[in-house]
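Below is one structure, written out as structure tokens; comments come after it.
The values are calculated or read from the model by the stated rules, or taken from the named source; none is laboratory data. Every value quoted in this text rests on a predicted model; they were computed, and no experiment measured them. Glycine also receives a Cβ, built like all others from the backbone with ideal geometry; neighbour counts cover every protein chain displayed. When the accessible area is computed, the model is the full protein with side chains, heavy atoms only, and any ligands, DNA or RNA have been set aside. Shrake-Rupley method; radii C 1.70, N 1.55, O 1.52, S 1.80 Å.
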Amino acid sequence: MIFVTGGAGYIGSHTCLELLTAGQEVVVFDSFCNSHRESLRRVEELTGKPIILVEGDIRDQPAIENALRTYKCSAVIHFAGLKAVGESVEQPLAYYDNNVIGTHRLLAAMASCGLRRLVFSSSATVYGEPQHLPLTEDHPLSATNPYGRSKLIIEEMLHDLYRSDPTWQIAILRYFNPVGAHSSGRIGEDPQGIPNNLMPFVAQVAIGRREQLMIWGNDYPTPDGTGMRDYIHVVDLARGHLKALECLDRPQCFTTNLGTGIGYSVLDVVKSFEQASGRSIPYQLAPRRPGDVASCYSDPSKAKQYLNWAAEKDLLTMCVDAWRWQTQNPNGYQTE
Ligand code: NAD
Ligand code: UFG
């Protein structure tokens, strides 16, 4: 039984689907502060398998302990947390509370139940301003905002925990830019309000929900001047978690990137999305967004060697799948 915190969210729901498809049983622990029950209902529908749902907050240690014991969980995949960079600057305490204190409570609950197998969602944001590209796992770490700092603190907490008790089995996964949706078009990313991230914003422009895309900066030192990122299909990313779980058959604490290793510019994404959707994406060039880096892409070789995992889906597939999700669910999970 795999205990999935934040399993109703964007990456969590896709991972639950892959887990169930692979024959695992799943308990989702989620507060629904940034998701809908409907995502899990659809995962059950797609797989024909049930998900055990426990509604709760990861800061509630007794509730976690109770669920871990009741369902005899053998591993935890920990997605739950807040993830909006701008919001974290405005509300740092909410981020330290949810992400850092929440993870502390989760770890304490696990320890008290004698469960020491964990996959943790970290982020490429822990590399700060890249000093060399592609980003290898040994690149120096730094944070430029409270969200990133919460991920760094958690990574350090996990290393300390492992040092204190080397029977822990911990995988720290640093995601690059997850995009796209399941090929069924039934589950996908459902941002509340105005999307912060490029792909959901572009999808909403394509469908006519927003007038135009603002491209933040075309004077970066990149081939076309716009920011470059390592976009990774969410289904590839989800599958990386299953590979990480397979590796956690012995005590260790390892860290790996999950990315494609390829950097695409904002304009590359716009062109690909136009091709995928057959719609034109009007855009306007605007000043740089504070805090953005010019380029960020992974060296994916450690994941290949260590997890025997590599991303398979290309940018056009990411756009085609994001577009299918957008057209079938113009208002996300609240469409029906
Ligand atoms: P999401 O917001 O869609 O999912 C997070 C889930 O956690 C939601 O279902 C939310 O309701 C739940 N949650 C939040 N706080 C909770 C709490 N205190 N108790 C219980 N449940 C809680 O986000 P996502 O994109 O699926 O991201 C999952 C994880 O991956 C996060 O930790 C995020 O920081 C990390 N990550 C995401 C990205 C990205 O771009 N999406 C990139 C790097 C890392
Ligand atoms: N961009 C635009 N217009 C938009 C949105 C984004 O031009 O409306 C550009 C950005 O300037 C950047 C690129 O598109 O060059 C990608 O931006 P995203 O916001 O989609 O992604 P980021 O790389 O900025 O941020 C993501 C996650 C963060 C995480 C960070 C580093 O959203 O949580 O990666 O891992 F911290």
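Residues of the stretch 179-217 that are part of a loop (DSSP other than H, G, I, E, B) and away from ligand 1 (no atom under 16 Å from the Cβ): S183, S184, G185, I207, G208, R209, R210, E211, Q212, G217. Exactly one residue among A294, A303 is touching a Phe, Trp or Tyr at 6+ places or on another chain (Cβ under 8 Å), farther than 21 Å from T15 by Cβ and small (G, A, S), and that residue is A294. Of all the numbered requirements in (1) closer than 19 Å to Y333 by Cβ; (2) part of a helix (DSSP H, G or I), L19 misses one, and that requirement is (1). On the stretch given as the stretch 61-83, residues that are open to solvent by 80 Å² or more (accessible area, probe 1.4 Å) and either within 23 Å of S123 (Cβ to Cβ) or at pLDDT below 95 (or both) total 1. Only one of the numbered conditions (1) within 13 Å of ligand 2 (Cβ to nearest atom); (2) assigned to a helix (DSSP H, G or I); (3) touching a residue at least 60 places away in the same chain (Cβ under 8 Å); (4) open to solvent by less than 40 Å² (accessible area, probe 1.4 Å) is not met by G86, and that is (4). Taking E25, is it under 19 Å from K243 (Cβ atoms), of a type in the set (D, E, K, R), surrounded by fewer than 17 Cβ atoms within 10 Å (Cβ to Cβ) and out of contact with any Ser or Thr (no Cβ under 8 Å at 6 or more places or on another chain)? Yes: the conditions hold for E25. If we scan the stretch 53-60, do we find a residue that is part of a helix (DSSP H, G or I) and surrounded by 21 or more Cβ atoms within 10 Å (Cβ to Cβ)? No, because not a single residue in the stretch 53-60 is part of a helix (DSSP H, G or I) and surrounded by 21 or more Cβ atoms within 10 Å (Cβ to Cβ).
Pick from the stretch 154-206 the residues that are away from ligand 2 (no atom under 14 Å from the Cβ) and without any contact (Cβ under 8 Å) to a residue 24 or more places away in the chain: which of them is nearest to G240 (Cα to Cα)? Result: E156. Can you spot a residue in the stretch 301-317 that is open to solvent by 20 Å² or more (accessible area, probe 1.4 Å), outside any loop (DSSP other than H, G, I, E, B) and under 30 Å from R37 (Cα atoms)? Yes, the conditions are met somewhere in the stretch 301-317. Taken over the stretch 163-216, the residue count meeting the criterion of being exposed (fewer than 14 other Cβ atoms within 10 Å of the Cβ) and closer than 21 Å to A8 by Cβ is 2. Checking the stretch 58-77 against the condition returns no match, with no residue being within 24 Å of A143 (Cβ to Cβ) and within 16 Å of ligand 2 (Cβ to nearest atom). When E44, E129 are screened for being part of a loop (DSSP other than H, G, I, E, B) and open to solvent by 40 Å² or more (accessible area, probe 1.4 Å), only E129 passes.
In this structure, R229 does not satisfy being under 23 Å from the mean Cα position of the chain (by Cα), open to solvent by 20 Å² or more (accessible area, probe 1.4 Å), at negative phi and modelled with pLDDT under 95. Within the stretch 44-66, none of the residues are under 18 Å from L237 (Cβ atoms), within 12 Å of ligand 1 (Cβ to nearest atom) and not hydroxyl-bearing (S, T, Y). Taken over the stretch 11-40, the residue count meeting the criterion of being small (G, A, S) and either modelled with pLDDT under 95 or in contact with a strand residue (DSSP E or B) (Cβ under 8 Å, 6 or more places away or on another chain) (or both) is 2. The set of residues in the stretch 244-281 that are touching a strand residue (DSSP E or B) at 6+ places or on another chain (Cβ under 9 Å), over 17 Å from N197 (Cβ atoms) and either open to solvent by 60 Å² or more (accessible area, probe 1.4 Å) or of a type in the set (D, E, K, R) (or both) comprises D249, R250, P251, I262.
Considering only residues in the stretch 7-22 that are of a type outside the set (A, V, I, L, M), within 15 Å of ligand 1 (Cβ to nearest atom) and open to solvent by 10 Å² or more (accessible area, probe 1.4 Å), the one that is nearest to P50 (Cα to Cα) turns out to be E18. When H139 is tested against (1) in contact with a helix residue (DSSP H, G or I) (Cβ under 6 Å, 6 or more places away or on another chain); (2) more than 28 Å from R229 (Cα to Cα), just one condition goes unmet, and that condition is (2).
Put simply, of L93, L158 the only residue that is modelled with pLDDT of 95 or more and either in contact with a strand residue (DSSP E or B) (Cβ under 8 Å, 6 or more places away or on another chain) or part of a loop (DSSP other than H, G, I, E, B) (or both) is L158.
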